[in-house]
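These notes concern the structure reproduced below.
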Amino acid sequence: MRTDSSPGNLPAREHLPAGSAGTPVLDVVIPVYNEEKDLQTCVVRLHEHLKRTFPYAFRITVADNASTDTTPQVAARLESEIPEVRSFRLEQKGRGRALRTVWSASDAPILAYMDVDLSTDLNALLPLVAPLISGHSDLAIGSRLARSSRVVRGAKREFISRTYNLILRGSLQARFSDAQCGFKAIRRDVAQVLLPLIEDTGWFFDTEMLVLAERAGLRIHEVPVDWVDDPNSTVHIAKTATDDLKGVWRVGRALATGSLPLDRLARPFGDDPRDRDLTDVPKGLARQLVGFCVVGALSTLFYLLLYSGFRSFSGSQIANALALLVSAVANTAANRRLTFGVRGRGSAVRHQAQGLVVFGIGLALTSGSLAALNAATSSPAHSTELAVLIAANLAATVLRFLLFRAWVFPDRRDETGASTVVASHNPAAHNPASPTYGTTTAAHQQHPSPQHPHPPLPQRPNATAPQAPYVNYDHNQTNEFRAGEAADRTWGDATMQLQAVRPHDHDPRDTRDAR
């Protein structure tokens with residue numbers, strides 16, 4: 001699982017304002033492998049639809065990942081004939097690799113992709129990207145399993161699709177309805193931070209992207225689609241299903257161990273309405289109480305089982321101390337992750353040490369209760385001991401929650417989350433014309449311009465207007481990529497202002513040759 005550094009936390013979502021500029025608003029990527037028969041029909045049909053219905057400038061990018069037929073020649077011909085079409089050649093297979101490579105290099109603020117067979121009705125394209133342009137959502141997906149979707153496909157694929165999504169819901173707690181529909185879009189500022197965390201380069205790329213985005217609290221918009229199955233699809237169902245199950249296991253293990261830095265995908269404090277101050281109600285109190293009660297109930301059962309086991313070969317005081325010690329360590333770890341949302345191994349030892357202090361207080365309460373019981377009667381019944389311990393644990397639980405919330409896991413968002421830090425890496429300083437979409441700089445927060453608070457959203461150029469030059473990302477002036485260089489790029493640790501990716505925009509600490 002990728003845990004390398006990303007460009008930094010996300011900025012606040014903002015509407016991309018309308019205006020005129022050279023950079024396309026939308027970049028639709030079509031990943032292809034040996035699609036010489038369908039590619040031209042797909043691109044021409046998509047181009048005509050966008051010309052007729054999409055109100056802003058757009059680009060269609062053909063991502064050829066290691067085709068062995070005449071697909072590269074067809075893509076090159078389309079690029080020469082249609083101004084809005086570009087083609088990239090990658091020398092390694094993998095849909096995920098193709099999408100990550102092209103999306104990482106694109107300068108469009110909205111990135112999308114669709115399958116070359118155009119099984120999805122194109123009328124869903126504008127509803128797909130509209131919430132991303134407006135700033136309402138971070139990602140958008142087409143869903144074939146929504147109630148209002150109209151789908152035509154065989155029983156075998158229907159069964160596989162629904163089974164796979166049930167597996168995702170049961171194992172990864174996914175709430176989105178359709179992971180593998182080849183019809184998705186993402187804001188570029190989100191992609192810049194999310195893509196370095198995704199490991200898969202094949203068909204599981206979609207699922208991994210959605211699971212990480214959802215776990216990080218990003219908003220995923222679903223669009224019901226009309227979808228007709230392509231009977232000539234070249235997807236190998238058995239191999240794809242096996243790879244997907246391996247991906248589910250890998251991602252689930254990474255989420256369980258907290259090895260993914262999902263906090264990088266958090267929006268600034270105040271972007272979520274749940275951040276608003278409520279009179280006399282501490283932030284997150286209701287959710288933390290529910291989580292603490294669930295963990296506490298399970299910990300109590302665990303404690304009682306341990307006590308009963310230890311009591312069979314030791315005295316009540318020793319059994320109580322051992323059971324409480326083991327259950328306290330498990331309780332602190334569970335509350336750290338589930339109740340207070342602390343991920344990763346940072347400060348875990350300190351939290352456990354503080355938890356043991358809280359354990360000592362609980363031990364004093366329960367041991368004192370047992371001592372009082374033994375003083376009252378010389379040989380109390382086992383059921384009486386359990387009843388006294390339950391009452392003592394209830395009192396200790398209330399105190400434990402207060403200490404956990406105020407001392408062990410205090411809410412420090414007021415100290416660290418009130419301001420957005422914009423790092424020194426600013427490619428626009430070298431290129432004043434470089435556009436920035438949906439980002440807010442510190443200077444802009446302090447001195448916003450009421451007339452032009454954000455850079456304009458480019459409109460689609462007229463037929464007579466000259467086309468804006470397309471940025472060539474290869475130093476040798478060719479449209480070829482080595483997939484590993486863009487897909488496996490290591491980002492710097494500093495939080496940076498998100499800018500359009502250009503050839504001179506690189507991390508000076510990355511000594512590898514980036515072409």
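Read the figures in this text as sums done on the coordinates, not as results from a lab. Being a predicted model, the structure only gives us computed values, none of them experimental. Every residue, glycine as well, gets a Cβ built from its backbone with ideal geometry; the counts of neighbours run over all protein chains shown.
Rounded, prolate or oblate: which one fits region 26-273, using the alpha carbon gyration tensor with axes a ≥ b ≥ c (rounded when a/c is under 1.5, else prolate when a/b beats b/c, else oblate)?
rounded
Taking θ as phi - 60°, what are the ³J(HN,Hα) couplings along region 80-92 by the Karplus curve (6.51, -1.76, 1.60), each to the nearest whole Hz, with x for Gly and Pro?
Ordered by residue, 3J(HN,Hα) equals 6, 8, 10, x, 7, 9, 10, 9, 10, 10, 10, 8, 10 Hz.
Taking R0 as 30 Å, what's the FRET efficiency between Q73 and T163 from their Cβ-Cβ distance, rounded to 0.05?
0.15
Chymotrypsin sites (Phe, Trp or Tyr not before Pro), restricted to region 303-356: which are DSSP loop and have at most 12 other Cβ atoms within 10 Å?
F313
In nm, what is the difference between 0.36 nm times the number of residues separating V349 and A395 and their Cα-Cα distance?
Between V349 and A395, full extension yields 14.0 nm more.
Can you give the FRET efficiency to the nearest 0.05 for A330 and E81, using r as the Cβ-Cβ distance and R₀ = 45 Å?
E between A330 and E81, to the nearest 0.05, is 0.10.
Once you have the Cα-Cα distance between H136 and A286, take 0.36 nm times their residue separation minus that, and quote the gain in nm to one decimal.
Contour length minus the Cα-Cα distance gives 51.4 nm.
So for region 1-150, what percent of the C-alpha to C-alpha distances run longer than 24 Å?
36
To the nearest µm²/s, what D does Stokes-Einstein give for region 284-407 at 20 °C and 1.002 mPa s, using the Kirkwood radius over alpha carbon pairs as Rh?
The diffusion coefficient I find is 143 µm²/s.
Plugging the Kirkwood radius over Cα pairs into Stokes-Einstein for region 137-255, at a temperature of 4 °C and a viscosity of 1.567 mPa s, what D comes out in µm²/s?
Reported coefficient: 87 µm²/s.
Would you calculate the separation in nanometres between label points at R175 and V228, each defined as 7 Å from the Cα along the Cα-to-beta-carbon direction?
Once both label points are built, they end up 3.5 nm from each other.
Starting from the Cα of H49, step 7 Å toward the Cβ, then list every residue of region 93-121 with an amide N under 19 Å from that point.
Backbone N within reach: 110-121.
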